[in-house]
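The values are calculated or read from the model by the stated rules, or taken from the named source; none is laboratory data. Note that the structure is a prediction, hence the values are computed from the model and not measured. Ideal geometry is used to build each Cβ from the backbone, glycine not excepted, and the neighbour counts take in all protein chains shown. For the accessible areas, the whole protein counts, side chains as well, though only heavy atoms, and no ligand, DNA or RNA atoms are used. Shrake-Rupley method; radii C 1.70, N 1.55, O 1.52, S 1.80 Å.
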Amino acid sequence: IQAFLQRLNASTPGVTYRLPTEAEWEYAARAGTTGDTYGTLDSIAWFSSNSSGRMHPVAGKQANAWGLYDVIGGVWEFVNDWWAVSYYAVSASTDPAGPTSGADRMLRGGSYRNNASYARASYRSSYPSSRDGNVGLRLVRTP
């Protein structure tokens, strides 16, 4: 992902793309809400009970209040932070910065392969920095 981002950023002068931090991802996923999801799960997410075991095109479900589709369900999304089991419990509650190193990257959002308990804004998981059919990414663009 980092090599891809370097190539992308080199090809877009004046614009920078990066992975969101875990805190940024959760903030965007919640879109001003405070619950586990931003709507009824069947209407906003693909997960094991409604996906027929396959991926679906983007935007097939309802977007959150900020117009972001498939934040929950669909595919897990890598964030920039490294995995730390108890990190949120010992970090500042406002925009915490993740660990600076680790063995696995943090994943957020759940996927079409997982049951409903994974498809929520607060669920945290980890994965080695490698490819898988139910893992993807969402980029932050600045400016």
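Hey, any idea what % of the chain's accessible area is carbon plus sulfur with a 1.4 Å probe? Before the final figure, lay out the partial values.
Values: 4160 of 7780 Å².
C and S atoms contribute 54 percent here.
Please report, in debye to the nearest 20, how large the charge dipole of the chain is about its Cα centre when each Lys and Arg carries +1 at its beta carbon and each Asp and Glu carries -1 there. Kindly include the intermediate steps, with their values, before the conclusion.
Values: 13 positive and 11 negative charges, 69 e Å.
The dipole magnitude comes to about 320 debye.
Among 41-48, 26-33, 55-62, how do they line up by average Cβ neighbours within 10 Å per residue, starting with the highest? Before the final figure, lay out the partial values.
Values: 41-48: 19.6, 26-33: 16.5, 55-62: 13.4.
The densest-packed peptide leads the list: 41-48, 26-33, 55-62.
Counting heavy atoms of the protein chains only and a 1.4 Å probe, report the per residue accessible area for region 1-67 as a whole number of Å².
On the way: 3850 Å² over 67 residues.
Heavy-atom SASA per residue in region 1-67 reads 58 Å².
Rounded to the nearest 20 Debye, what is the dipole magnitude of region 8-58 about its Cα centre when Lys and Arg each give +1 and Asp and Glu each give -1 at the C-beta?
On the way: 3 positive and 5 negative charges, 40 e Å.
Dipole about the Cα centre, nearest 20: 200 debye.
If you take the charge dipole of region 1-89 about its Cα centre, with +1 on Lys and Arg Cβ and -1 on Asp and Glu Cβ, which of 60, 38, 20 is farthest toward its positive end?
Most positive-ward Cα: 60.
As a test, work out the antiparallel percent of DSSP beta bridges whose residues both lie in the chain, rounded to the nearest 5. Let's see the in-between values first.
Values: 10 of 13 bridges.
Just about 75 percent of them are antiparallel.
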